[in-house]
Structures are given as structure tokens and as C-alpha cells.
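Q: Quick one: this structure, given as C-alpha cells, is what I'll be asking you about.
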Amino acid sequence: MRLLGLLVLIVSGVCLVNCTHLVVGNVADRVVLAHHEDFEYNAMPFFKRIKSFFYSSPTNKPIRGIQALDNDHSKASVNITAGGIGYPFVNLRIKSERGSRLSYDIGIYVSPDFI
């Protein structure tokens, strides 16, 4: 029984370390996909790629959810640098691991018009 508990702990720890997706806010219930973009940049040997993603709502609706999924399952990171949930704009900073490319699927969700 202890071995099973230890195995579950190790497996869950490995899953947490390799998770590189960013999901903030509500992306499932009563929201509409306002913007979708495949964000890709090629690798440069021995360098980290640091790129920014900007979104501003043309109708000035507040953002309800942000989803940035790493297509390569690499050790890249995503940070929200400005705006975000409750604001009509968001700025994301995406940083790759050294010598790797960036490939993200970014979705911005807002409230629908009929609510």
C-alpha cells in the first residue's frame, strides 16, 4: 500500500513539473471564443526566444478567460504582463527553453452578447 501511495505521488509530481499550459478564468461555461491564434516561432541555437502576444478587444468587452496551450509540450513559460481577466486587453510574455522553438495555441474568451 505504501508503494502504491509513493508511486502516485511520484507520477503526480512528474505531471506537475512538465505542465506548461496557461489556463486562467472561465474557458468552458457561458463564454465565447473572441480570438484564436497559432503562435509559432522557430528555434535559434543556444538562445531563448522571448516573444510578446497582444490582444485588445475591438468592442471593449472584458476578458473572461485566457488559454495558452503548448503544442510542443516543452519547458517554455507563459506570463501575463498586463491586463487579463476583467480587462478588455491582455499582454502575454512567452519564453522558450534554450535552443527550442515556440508553438502555442492561444484563445481569448469573452461574455456572449445575449447574457
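The values are calculated or read from the model by the stated rules, or taken from the named source; none is laboratory data. All values reported here derive from a predicted model rather than from experimental measurement. In case anyone asks, the SASA skips ligands and DNA or RNA and just uses the protein heavy atoms, side chains included. Shrake-Rupley method; radii C 1.70, N 1.55, O 1.52, S 1.80 Å.
Q: Leaving out ligands, DNA and RNA, and with a 1.4 Å probe, what % of the accessible surface on segment 45-115 is carbon or sulfur?
A: Ligands and nucleic acids excluded, carbon and sulfur give 53 percent.
Q: Okay, moving on. Compute the distance from the alpha-carbon center of segment 69-85 to that of segment 20-47, in whole Å.
A: Using only Cα atoms, the two centres lie 7 Å from each other.
Q: Also, I was wondering about something else. Tell me the relative contact order for segment 29-115 as a rounded percent, counting alpha carbon contacts under 8 Å between residues six or more apart. Walk me through the numbers on the way to the answer.
A: Numbers: 204 pairs, mean separation 41.3, N = 87.
Taking the mean separation of contacting Cα pairs over the length of segment 29-115, I get 48 percent.
Q: Can you list the lysines whose alpha carbon sits under 22 Å from that of LYS75, skipping same-chain ones fewer than 8 residues off?
A: Partners within reach: LYS48, LYS51, LYS95.
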